[in-house]
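Undergrad: Before anything else, here's the structure in question.
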Amino acid sequence: MKRQLLFLFFALAGLALPAYSQLGVGLRGGFGASSTSQEVVNGMTRSIGVSPAFGLCVFYDLDLHFSGCLEFNYLTFSENFSYSDFFDKSNGRSITTGIKVGYLQIPLLGKVTFGEKKFKTMFTFGPYMGIGTSGSWINPPQASSNGSIFYFQGDTSVNARFSKGDFRRIDLGGMIGFGGQYKVGTNGNIFFEGRLQLGFLNLYNDFEKKLIDAFSLSSNQYQKPGGSWRAANITVGYFHTFKLPKKKSSASVKKAGKQKRK
């Protein structure tokens, strides 16, 4: 039964395709800002991370105003937290800690365009999957043997661990975007777009439990770890379209058409 339903789904999808369609391939680049959804408490201050973003995009036009889009982007999410002097009660020193993680991000989007002339506005939406490739943690928090939390001082930086380490390697979320595209020549398009995205998964991994346990026993009121990524970016790019060949009608369809005309 499942096989029959899958066959029916793909058959209907094939019938829904236009007699001809376009494939677009392009590049994008720009800058993005990111932070986590962790709540700022106890006088903490947050510094939002800013980093470049770039990638490859592939469009497939399903009709005049709707396209499917698959992208392969590379971007970095980061943020810093600063604690005031009174948080380190033993030394009376301010503390700054920050995380920085690079992701290969693969969005699967729908794109709707409005307009018939050279300039069109566009709206994109859909889910994405991010794969953590590398990362670092500046002055990471540590759980001491007596159950308290302390932070390294200065500019101590360690490589972020994935899987059963500090951070979850896989990030899932959704995004929306709005922008415009301008046709250049016969098959070229220049575009610009602003996007907002929200992660669905907690970015921390096994390390979070150790810190929560230490937090519950600590007299210091440091932030509990936990939160998903939030980001926004602005990019510009160019894509080139290729018109795909028309679908050929079968002999039986042609014959039926002739008989109908008679």
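All of the numbers you see were taken from the coordinates with simple rules; none came from a lab. Bear in mind the structure is a predicted one, so any value in this text is a computation, not a measurement. Here the Cβ is made from the backbone with ideal geometry for all residues, glycine too, and neighbour counts use every protein chain on show.
Undergrad: Would you please give the FRET efficiency between Thr121 and Thr156, computed as 1/(1 + (r/R0)^6) with r the Cβ-Cβ distance and R0 = 41 Å, to the nearest 0.05?
TA: 0.30
Undergrad: Can you list the HN-Hα couplings for region 30-37, worked out from phi with the Karplus curve (6.51, -1.76, 1.60; θ = phi - 60°), rounded to whole Hz and with x for Gly and Pro?
TA: With coefficients 6.51, -1.76 and 1.60, one gets x, 10, x, 10, 8, 7, 9, 8 Hz.
Undergrad: Taking H as built 1.01 Å from N, whose amide H comes closer than 5 Å to the amide H of Asn205, not counting residues under 5 places away?
TA: Phe167, Arg168
Undergrad: Evaluate the distance, in nm, between pseudo-label points positioned 7 Å from the Cα of Tyr60 and of Val25 along their respective Cα→Cβ axes.
TA: For Tyr60 paired with Val25, the spin-label model returns 1.5 nm.
Undergrad: Another question, if that's okay. When ranked by the protection proxy of mean other Cβ atoms within 10 Å per residue, highest first, what sequence do the peptides 60-66, 77-83 form?
TA: Order by mean packing, descending: 77-83, 60-66.
Undergrad: By average Cβ neighbour count within 10 Å, what is the ranking of 233-240, 67-74 from highest down?
TA: 233-240, 67-74
Undergrad: Give me the number: length gained by fully extending Ser163 to Tyr238, i.e. 0.36 nm times residue separation minus the C-alpha to C-alpha distance, one decimal in nm.
TA: 23.4 nm
Undergrad: Within 13 Å, Cβ to Cβ, of Leu104, how many net charges do the neighbouring residues add up to if Lys/Arg are +1 and Asp/Glu are -1?
TA: Summing Lys and Arg as +1 and Asp and Glu as -1 gives -1.
Undergrad: Once amide H atoms are placed 1.01 Å from N in the peptide plane, what residues at a sequence separation of 5 or more from Thr133, or on another chain, have their amide H within under 5 Å of its amide H?
TA: Distant-sequence amide H within range of Thr133: Gly102, Tyr103, Leu104.
Undergrad: Enumerate the calculated ³J(HN,Hα) couplings along region 170-182 in order (Karplus 6.51 cos²θ - 1.76 cosθ + 1.60, θ = phi - 60°), each rounded to whole Hz, writing x wherever the residue is Gly or Pro.
TA: Values, residue by residue: 9, 10, 10, x, x, 8, 9, x, 9, x, x, 9, 10 Hz.
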